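**Q** I'd like to ask you about the structure that follows.
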DNA sequence: TATGAATGAGCTTTCATTCAT
DNA sequence: CATGAATGAAAGCTCATTCAT
């Protein structure tokens, strides 16, 4: 009826991302996805064959989107310290603006990365972003602007950590601390603190 | 079977924690819990009335365990900086040694803290630990050993962030980075870096 | 509600035999079985776990019934020739009176005996009846009343053949030949001819 | 794809025969047929309109093939006894070499010959072969070489029986008796015995 | 002649839960 | 205190078939 296969497929995939992000894999419901996509449950299987494969497609989509977003990052022209700061801000902003990405990652970790481990295209979707930071670190160390002992991968993990937790755990945090993490202002304050931490950490101890 | 009601109840609760941690709320299966508890599905309902209530009990249990563990923390006798370090190490070690706690938190955040928000005993289970850090910060600032602008709640969030992410996302991290996060040694290296970060951050900029 | 588990289970199994006999494994419908058994589709799964296992149970039941029926056969007191006749008549009568057995066998052959081959109890359900004929043949050959070259297994197959086809293929036969195979009289005439055949075949050519 | 409509139609029909023979009507799958025919599911409907009609076409095809094969049978020149033997061997060989025919007959009987009974061309496909035997019997009786009481239709049924069962039930037989019915040698031994039976039966009791 | 897209209906199976003792 | 039996509701998925070009 719609005769626009690409569009239908896309609507389903987007509805699925949102559903999986909200309910996890086990909790996601086919009929809800169909309804949100203004399509039918049948079409979901027509395009994606099974819930698991739809979930895999959703994961690949959100990782792909991250990779696409990071293309816009131009760190080469920046001072090493400024580059680390820009990188951190980019990552944190991405998490904050894409809570469904964070949620899907949590879901995938619950499953012990079952799907990710067996995906063929996922590795290549993730490699570039770490490479980006590696380049900055190497350059900064060479110029004496970043600590020599710095390990780029560990630095990446720490930067990610600082932005991830507040998005991932925003609901329990505000329930438990009464701290309104989701609000712009507190988010910003946290990000400022975190940036201070990162920069203090990467600077050489002159 | 076993004429020891308390023991049966306990086995069920423990099996439930492990099941919820592994599969989330929606993915958890009553029969698997019953089997792991060497009991019957019927008993699960006998003691906990419903899956939701069992889940709530599980959440309360893991939060209670954290509260109990933190009793052992004696920060009062320590220097402010040492106290911050001890606090951080405690939190991180707890996360690392209790991945089921981390996993349950993720599950609860997926549900937008639905259960936690309506729990009566949960707030009081969490308040003390933040209070602990608050005391240290106040004392340290008074003694001029910690930065005056430091906000204890935000500091708590940042410390938690640094320990949480690697446990929560260990599976995707090792799948995607090939970084063996779960191993003792890499965990330790990360913790060392993180501690460096925290201390550099809290110290006054003399 | 019925609180008579054995009876419910039995009604379901009988309904299943009749359904499988009428529609085959693929064509059998769970709801029809449930309805015929005056139970619910859910109960079918409660007792038998899956359609396949229900089918297996059905097969085992009809083979078991045949084995039970054959207990009544007392061939030892008979003359060898009379024993062969009695055996043949028993087999043919059993097929004629249990078309659902014949139909299930056809279904199982369509499936290339997939289920039967992997059944543990089926072999032992079938062995005795052939053993019965073997004993008769041995006795008859020893007494010079049956042809020395006779192979008991082959004889069994031929006897079974003569009774099976008319039951198994009665519908196509009457459609195609206009021969009312299902009627008592034609059935009897065929059985008489068949018995003549068998006896002429087993007698020594004096 | 292939601009050869007749060839496509033929491939589909052949694939259908094989599919119906292997899985029955209910168990047959449109997509498997399409794939085996190197065509598309859509084409199956294009040429045959529905599964039922495709099944009917399959039945008509296998009956037609039998009728064609039997044209080669020249019984007129043979002695009555030799003619009966030739007829029997032909039928048995045909069954053995066309298990898909046997399987389709079983499937059709499961359905209580629903399709066959309402077919217009099927009766005329089957009549000739029985007529063939009738002629032989009449001739033989007239010449005193065949028993006078012999009924040709019943004789046909018995001959068919003897060849059908081993093909139709080969899988359960070998599973249950451990008798390798499908093998050439055992098949031949059975056919020899069966021929002995038939001839002993039709001969006058001089 | 040929075909990719779409679909309603229904199938088997699972799940959390309640009944009855 | 404990449990075997029973179940309504829904979930994921499949099937034969039709639409639209």
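Laboratory data are not the source of any read-out in this text; all were calculated from the coordinates shown. If you're wondering where the values come from, they're calculated on a predicted model, not measured in any experiment. All Cβ positions, even for glycine, are placed from backbone atoms using ideal geometry, and neighbour counts span all protein chains on display.
**Q** For a quick check, take a GNM of chain A with Cα springs below 10 Å and name the residue from A:99, A:80, A:123 with the largest mean-square fluctuation.
**A** Sorting by GNM fluctuation, first place goes to A:123.
**Q** I've got another one for you. Helix D:122-142 versus the longest principal axis of chain D: what is the Cα-based angle in degrees, 0 to 90, to the nearest 10?
**A** Helix D:122-142 sits at roughly 10 degrees to that axis.
**Q** Starting from the Cα gyration tensor of region B:83-166, take the square roots of the eigenvalues, sort them a ≥ b ≥ c, and report rounded, prolate or oblate (rounded when a/c is under 1.5, otherwise prolate if a/b is larger than b/c, else oblate).
**A** Numbers: a/c = 2.45, a/b = 1.68, b/c = 1.46.
Prolate shape, in that a/c is at least 1.5 and a/b is the bigger ratio.
**Q** If you don't mind, another one. Can you give the Rg to Rh ratio for chain A, taking only C-alpha atoms and Rh from Kirkwood?
**A** Details: Rg = 19.5 Å, Rh = 18.8 Å.
Over the Cα atoms of chain A, Rg/Rh equals 1.04.
**Q** While we're looking at this one, here's another question. To the nearest Å, what is the center-to-center distance of region B:65-88 and region A:1-46, using C-alpha atoms only?
**A** Answer, in whole Å: 48.
**Q** How shielded is A:89-97 by partner chains, expressed as the average number of their Cβ atoms within 10 Å of its Cβ atoms? Please report the intermediate quantities before stating the final value.
**A** Working: counts 0, 0, 0, 0, 0, 0, 0, 0, 0.
For this peptide, the per-residue mean of nearby foreign Cβ atoms is 0.
**Q** Which distances, in nm and shortest first, link the residue D:114 label point to the same label point in every other copy, taking 7 Å along Cα→Cβ?
**A** 2.1, 4.0, 4.5
**Q** Let me test this: with uniform point scatterers at the alpha carbons of region D:84-127, what is the Debye-based log₁₀ I(q)/I(0) at q = 0.20, 0.23, 0.32 1/Å?
**A** Result of the Debye calculation: -0.78, -0.91, -1.02.
**Q** Evaluate Rg over Rh across region A:1-49, taking Cα atoms for both radii and Kirkwood's formula for Rh. Present the calculation step by step, with values, prior to reporting the outcome.
**A** Values: Rg = 10.1 Å, Rh = 10.6 Å.
Radius of gyration over Kirkwood radius for region A:1-49 works out to 0.96.
**Q** On the rotation axis linking copies C and B, which residue of C comes nearest by its Cβ, and by how many whole Å?
**A** Residue plus distance in Å, as requested: C:42, 5.
**Q** At 4 °C and 1.567 mPa s, grab the translational diffusion coefficient of the protein assembly as shown from Stokes-Einstein with a Kirkwood Rh over Cα pairs, rounded to a whole number in µm² per second.
**A** Values: Rh = 33.5 Å.
It diffuses with D of about 39 µm²/s by this estimate.
**Q** Taking Cα atoms, how many degrees apart are the long axis of helix D:184-202 and the longest axis of chain D, rounded to 10 and kept between 0 and 90?
**A** The angle comes out near 50 degrees.
**Q** May I pose another question? If packing is taken as the mean number of other Cβ atoms within 10 Å per residue, what is the order of B:194-201, D:30-37, highest first? Each step should come with its number before you reach the end.
**A** Numbers: B:194-201: 20.4, D:30-37: 17.9.
Highest-to-lowest ranking by the protection proxy: B:194-201, D:30-37.
**Q** While we're looking at this one, here's another question. Using a 7 Å offset from Cα along the direction of the beta-carbon, what are the separations from residue B:35 to the same position in each other copy, nm, ascending?
**A** Listed shortest first, these distances are 3.1, 3.3, 3.5 nm.
**Q** Per-residue mean of other chain beta-carbon atoms within 10 angstrom of the beta-carbon, peptide D:150-163?
**A** Working: counts 1, 4, 0, 6, 8, 2, 3, 12, 9, 1, 5, 13, 7, 2.
That average works out to 5.
**Q** Per-residue Cβ counts within 10 Å, from other chains only, averaged over D:190-197: what number is that?
**A** Working: counts 6, 0, 1, 8, 7, 0, 6, 11.
Across D:190-197, the average partner-chain Cβ count within 10 Å equals 5.
**Q** Could you work out how far helix D:80-97 tilts from the main Cα principal axis of chain D, as a 0 to 90 degree angle to the nearest 10?
**A** Its long axis makes an angle of about 30 degrees.
**Q** Moving on. Can you list, shortest first and in nm, the gaps between the label point of residue A:178 and those of its counterparts in the other copies, using a point 7 Å from Cα in the C-beta direction?
**A** Residue A:178 label point versus its equivalents elsewhere: 5.0, 8.2, 9.8 nm.
**Q** Right, next: Would you please calculate the Kirkwood hydrodynamic radius of region D:119-206 over all C-alpha pairs and express it in Å, rounded to one decimal? Provide the component values of the computation, followed by the final result.
**A** Numbers: mean 1/r = 0.0667 Å⁻¹.
Computed over Cα pairs of region D:119-206, the Kirkwood hydrodynamic radius comes out at 15.0 Å.
**Q** OK, next. Compute the distribution of all C-alpha to C-alpha distances in region B:40-133, in bins of 10 Å from 0, and list the percent of pairs in each, rounded to whole numbers.
**A** Final binned percentages: 14, 40, 30, 12, 4, 0.
**Q** Once you have the alpha carbon radius of gyration of region C:5-89, what is it after dividing by 2.2 N^0.38 Å, with N set to its residue count?
**A** Working: Rg = 17.2 Å, N = 85, 2.2 N^0.38 = 11.9 Å.
Computed over Cα atoms of region C:5-89, the ratio equals 1.45.
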